[in-house]
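Chemist: After the structure tokens below, expect a handful of questions from me.
The values are calculated or read from the model by the stated rules, or taken from the named source; none is laboratory data. All of these numbers come straight from a predicted model, not from anything done at the bench. Neighbour counts are summed over all protein chains in view; Cβ atoms, including those assigned to glycine, are modelled from backbone coordinates with ideal geometry. Surface accessibility is based on the protein's heavy atoms, side chains included, excluding ligands, DNA and RNA. Shrake-Rupley method; radii C 1.70, N 1.55, O 1.52, S 1.80 Å.
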Amino acid sequence: MSEILSQAEIDALLAALTQEEKKDGKEPLASISHNEQDSLLYGSNKKSTVKVYDFRRPSKFSKEQLHTIQAIHENFCRLAGTYLSAYLRIATQLTVVSVEQITYEEVINSLQNPSIVSVLSSKPLNGNVLLDINPAIGFVMLDRLLGGPGESVEKARNLTDIEQVVLQKLITSLLGYYSEAWSNVFKIDFTLESQESNPQFVQIVSPSEMVVLIGIEARIGQQTGMLSICIPYLTLEPIIGRLNAHIWYGTSRKETDVEYLQKLKNKLQKINVNISVRLGEGTISIKELLEVEVGDIIKLDTKSDELVRLYIGQTPKFLGLPGTIGSRLGVRIVRVIEEGEDSL
């Protein structure tokens, strides 16, 4: 016999008990509330197994998976913040402020119009990812890239063709760090597919589909704005089992300090630096400067056989002897200038 009675069996049992109660002159069981009947038939622990479930907003991401997604984007913020500080030449800080699962319709309705919305592909996964840069911070980055002090616009507007090209180059660079942030969990190649200014024109999934929305606060100098990343559940579904702390921290430990330093060294070796040579210095008056003509000789404070300074950027780094290499001028490095040393 089954431990739980069917509804028909319950009704028959209550009817029989009601008849017996009437014969004995007692209160019929049928007059007892449904909650009390359930308590009598199933026990007082029945309600402890009932869980509230909203079919309009089903929870597809567990708390552990959301924590892992947050850890991934915190790592991205560190990488991207360092890059932007150097690229924009201004202090930049990115901070994850929220990670929540909502419907795609709620995401689109929450975005500003016009905005800077980028659709990203996520190979080898199927589906797209949405990156929204609020104009309040998007135009700050554009202003810095175009030589300005880093000011935002008073009223949001659509990007010009030149501004789109400039910003697309920046976003493409950031996506490299975004792919790197995900590499501990799964190797994903994020690339820019398209850009829109009206979020309503971007439909990467159906409006009722659940997504995870990551809110990132960007502080560039004294300006602050939001970046939002929207990842549909359908996109992450093939790797949803890897979004746990064991995979995240276990994979992170595989990279030893030696491997990290080698990667850093390889990246640094690809950076171009300016090298200049200062052959000497001299002092002349304004009157003499105005009278300088082609063929005149200006006397410097160094001799032809003295060491000259080689600069990396604005920092003196080497001492060398000037000379020629075939038909070109050159300098042979003699020694390195130690930090804090008065070179000449």
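Chemist: Would you be able to tell me the number of residues in segment 94-120 that are part of a strand (DSSP E or B) and under 20 Å from Leu192 (Cα atoms)?
Modeler: 5
Chemist: Here's something else I'd like to know. Residues that are part of a strand (DSSP E or B), of a type in the set (Gly, Ala, Ser) and touching a residue at least 60 places away in the same chain (Cβ under 8 Å): does segment 121-139 have at least one?
Modeler: yes
Chemist: For segment 184-202, enumerate the residues that are of a type outside the set (A, V, I, L, M, F, W, C) and free of Cβ contacts under 8 Å to residues at least 24 places away in the same chain.
Modeler: Lys187
Chemist: Let me ask something else about it. Condition first: closer than 23 Å to Asp143 by Cα, more than 13 Å from the chain's Cα centre (by Cα), assigned to a strand (DSSP E or B) and of a type in the set (A, V, I, L, M, F, W, C). Now tell me which residues in segment 163-217 satisfy that.
Modeler: Leu192
Chemist: List every residue pair whose Cβ atoms sit under 7 Å apart, with the two residues 6 or more apart in sequence or on different chains, where the first one lies in segment 304-317 and is part of a strand (DSSP E or B) and the second, anywhere, is of a type in the set (Phe, Trp, Tyr).
Modeler: From residues that are part of a strand (DSSP E or B), the pairs are Leu310/Phe318; Lys317/Tyr311.
Chemist: Cβ contacts < 9 Å: first residue on the phi > 0 side of the Ramachandran plot, restricted to segment 209-238; second residue part of a helix (DSSP H, G or I) and modelled with pLDDT under 95, any location; separation 6+ or different chain. Result?
Modeler: What qualifies is Gly221/Leu88; Gly221/Val140; Gly221/Arg144.
Chemist: Let me ask something else. Given the criteria more than 19 Å from the chain's Cα centre (by Cα), surrounded by fewer than 18 Cβ atoms within 10 Å (Cβ to Cβ) and at pLDDT 90 or above, does Pro114 qualify?
Modeler: Values: more than 19 Å from the chain's Cα centre (by Cα): yes; surrounded by fewer than 18 Cβ atoms within 10 Å (Cβ to Cβ): yes; at pLDDT 90 or above: yes.
Against the criterion (more than 19 Å from the chain's Cα centre (by Cα), surrounded by fewer than 18 Cβ atoms within 10 Å (Cβ to Cβ) and at pLDDT 90 or above), Pro114 qualifies.
Chemist: Could you check Tyr104 against (1) open to solvent by 10 Å² or more (accessible area, probe 1.4 Å); (2) in contact (Cβ under 8 Å) with a residue 12 or more places away in the chain; (3) not aliphatic (A, V, I, L, M) and say which number it fails?
Modeler: (1)
Chemist: Here's another thing I want to ask about it. Could you tell me which of the residues Ser98, Ser44, Ser39, Ser62 is loosely packed, with under 14 Cβ neighbours inside 10 Å and at pLDDT below 75?
Modeler: Details: Ser98 fails: at pLDDT below 75; Ser39 fails: loosely packed, with under 14 Cβ neighbours inside 10 Å; Ser62 fails: at pLDDT below 75.
Testing whether each residue is loosely packed, with under 14 Cβ neighbours inside 10 Å and at pLDDT below 75 leaves just Ser44.
Chemist: Another question, if that's okay. Report yes if Ala156 is surrounded by 13 or more Cβ atoms within 10 Å (Cβ to Cβ) and either among the hydroxyl-bearing types (Ser, Thr, Tyr) or in a loop (DSSP other than H, G, I, E, B) (or both), otherwise no.
Modeler: Taking the combined requirement at face value, the residue satisfies it.
Chemist: How many of the residues in segment 144-182 are without any contact (Cβ under 8 Å) to a residue 60 or more places away in the chain and among the small types (Gly, Ala, Ser)?
Modeler: Adding up the residues that qualify gives 5.
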